[in-house]
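Taking it in order: structure first as structure tokens, then the write-up.
Any read-out appearing in this document is the output of simple, stated calculations on the displayed coordinates, not a laboratory observation. This structure is a prediction, so every number in the text was calculated from the model and none was measured. Cβ coordinates were reconstructed from backbone atoms using ideal geometry, including for glycine residues, and neighbour counts include every protein chain displayed.
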Amino acid sequence: MNSEKLLIVLMFSPLLLAQSIFLFIDAKKKGSYAWIWGIWGLIQLPCPTIFYYFIVIRPYRKKLKLEDE
């Protein structure tokens, strides 16, 4: 592995880890598939976060909004 690839890996590893931890914790709070979101968050950046927003967060907010009315 040359130094450029090593630098890229070292730069993206904390981002992937942070994304994975956020997705896991938030999915667990919302009752979604926490392990799947956490593992997917370790593999790619930023697609899992975008999909998580549209699949979990938006419906959860709509559900809370309907319960308040």
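Given the peptides 32-38, 44-50, 60-66, arrange them by the average over their residues of other C-beta atoms within 10 Å, most packed first. Write out the running numbers ahead of the final one.
Values: 32-38: 16.6, 44-50: 14.0, 60-66: 10.3.
Highest-to-lowest ranking by the protection proxy: 32-38, 44-50, 60-66.
Report, in deg cm²/dmol and to the nearest 500, the calculated mean residue ellipticity at 222 nm for the chain, where each DSSP H run with n ≥ 4 adds -39500 (n - 2.57) and the sum is divided by the residue count.
On the way: 4 runs with 55 residues, N = 69.
It lands at -25500 deg cm²/dmol.
Which of the lysines could be linked to K30 by a straight reach, that is with a Cα gap under 23 Å, when you skip same-chain ones fewer than 8 residues away?
K62, K63, K65
Given that compact globular proteins tend to follow 2.2 N^0.38 Å, what is the ratio of the alpha-carbon Rg of the chain to that value?
On the way: Rg = 15.2 Å, N = 69, 2.2 N^0.38 = 11.0 Å.
The value comes to 1.38.
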